[in-house]
Structures are given as C-alpha cells and as structure tokens.
C-alpha cells in the first residue's frame, strides 16, 4: 500500500510569498514506513500534477494507492490502473455529483458491513465500514463505494466516503482507511518534530529540489575532471638532451630544461599549469 499526500514547508517561502510556501508531495509505503518518492510542483503546477509525477517511478503492479479527495479524479485513476495498480480515494464535496451518486447507491443497495471497537490513547473509538458495488464506473477502474462511519467517545459520528477500484471486504476497508494516515504519523510528523522541517528557511532558490526524472540524466550525472597528461619516464629518457646516471639508472637527471618544456607544452590540458609555473 502506497499513500500519497502533500506537505507544505511552512517557513521556506520566498520574500512576499508567506501565504504560498513550497510544497512537496510524497509517496509513502505504509507497511515498511519508507518514502518511495517525493516531488515538488514546478512553476505553474500544483499538488495534483506533482502527485501524478510521484507515482511514475514506482512499480504499481499489485499495489494499492490511497490518497485524499484532491486526487480523486479520472487522470489519477487511469494512471494507476493502466500500470496494474488499484486505488482507494477519498470522495468529498469537490466531486459533488459523484458524492450524491455514492450516497444514493449506498441507500438503495444492501451493503456489506463490519464494525470494530478500539481503545487507544485514552479514547474509545467505534468504526463501521459499508461497501457496495458501483452500478456503473464513474472513472477508469471504479468498482465500489465505501462509507466509513466513526465515533470517538460521546462525540457526533463522522462519515467519510471513498471510491475503490477493487471490491474490498469491510474488514479490509477498515484496515486500509486507517493505514493511510501512516503518512502523517510516520513521515510528516517525523519531518516536523525530529528534523524541524517547518522551521527551515531554505527557500527553493537556495536549495532547489531534485526531481526523480532528473536522477541519472546526462545533465545531472557527475563527470570526472579532465586531468593533464604528462610524458612517461621512457619518453623522457629517449628525449633529446636527457641522460641517466650510471649508479641510479631508474632516476632521470635533466641536462636540458628545453626538452621537458617541449613535452609538457604539447600535452593537452597543461597550458594553464605551465603558465602559472612560468609566472
């Protein structure tokens, strides 16, 4: 399972743009607690475009992608299903027509239901999952509507709707909708609390992000510097004006500096070196 979510770098804004801090969208493997990819939107892009780029380098075969309602749209559904993955996407008022059809379908059909009661962090929580098959797909791969109803202690019940590309069991729906929030606890919380990311003032102009598509490209690959080429010992021994001592045949004694200068000057990449030496 891979969760998608965006996170703003609250203090990394450029001057005069405090209301628009830079954003990073991450793909987080909930089970292994590993960030698989992260992308910052380019100029003129938003979180929707960045999320589509996040899933590009990830092998989606047999994977379930979860995301909030911002990413519940046909482009995301198609990008996931075409590469062998499934999705579980939150459905809210930004898709009001789909939301209305989901409520009608859940009211007309007989859903599969599962309930669960948990006590954690001093709170008693009751959760219920209802699942019905979609009468017709609203976007590529769409197969089911899911409704999660939860209540903490004596608070008012909260209902959330989801669209899925596979017909999950109610127990699976309870597990997966809860596991999505691992990206908040396992990634965003760690970045803010342990690494103080929201306190960083490193703006984009000072520390540009690295996009996954640029890794390993010729423009960003490190190339070794061109080193000057010097003549070998054999070439120096055979050069005019060079002699060797009889007691130390492996050492070369210069009898004329003109021979070495000629070899060095003819070697590529040594012009600057010789110029500095002469100076």
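The values are calculated or read from the model by the stated rules, or taken from the named source; none is laboratory data. Source: prediction; values computed, not measured. Here Cβ is always computed from backbone atoms with ideal geometry, including for glycine, and neighbour counts include all displayed protein chains.
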### Summary
Residue hits (segment 56-75; in a helix (DSSP H, G or I) and surrounded by 17 or more Cβ atoms within 10 Å (Cβ to Cβ)) are 69, 70, 71
### Query
Can you tell me how many residues in segment 10-30 are assigned to a loop (DSSP other than H, G, I, E, B) and either modelled with pLDDT of 85 or more or under 30 Å from residue 85 (Cα atoms) (or both)?
2
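What number of residues within segment 55-69 satisfy the criterion of being in contact with a helix residue (DSSP H, G or I) (Cβ under 8 Å, 6 or more places away or on another chain), farther than 14 Å from residue 166 by Cα and in contact (Cβ under 8 Å) with a residue 60 or more places away in the chain?
Result for segment 55-69: 3.
In contact with a strand residue (DSSP E or B) (Cβ under 6 Å, 6 or more places away or on another chain), assigned to a loop (DSSP other than H, G, I, E, B) and closer than 23 Å to residue 65 by Cα: does that describe residue 166? Full working, then the answer.
Values: in contact with a strand residue (DSSP E or B) (Cβ under 6 Å, 6 or more places away or on another chain): yes; assigned to a loop (DSSP other than H, G, I, E, B): yes; closer than 23 Å to residue 65 by Cα: yes.
When the stated conditions are applied, residue 166 passes them.
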### Query
Can you tell which of 160, 101, 96, 83 is surrounded by 12 or more Cβ atoms within 10 Å (Cβ to Cβ), more than 24 Å from residue 37 (Cα to Cα) and without any contact (Cβ under 8 Å) to a residue 60 or more places away in the chain?
101
### Task
For residues that are in a loop (DSSP other than H, G, I, E, B) and crowded, with 16+ Cβ neighbours inside 10 Å, tally how many sit in segment 125-157.
6
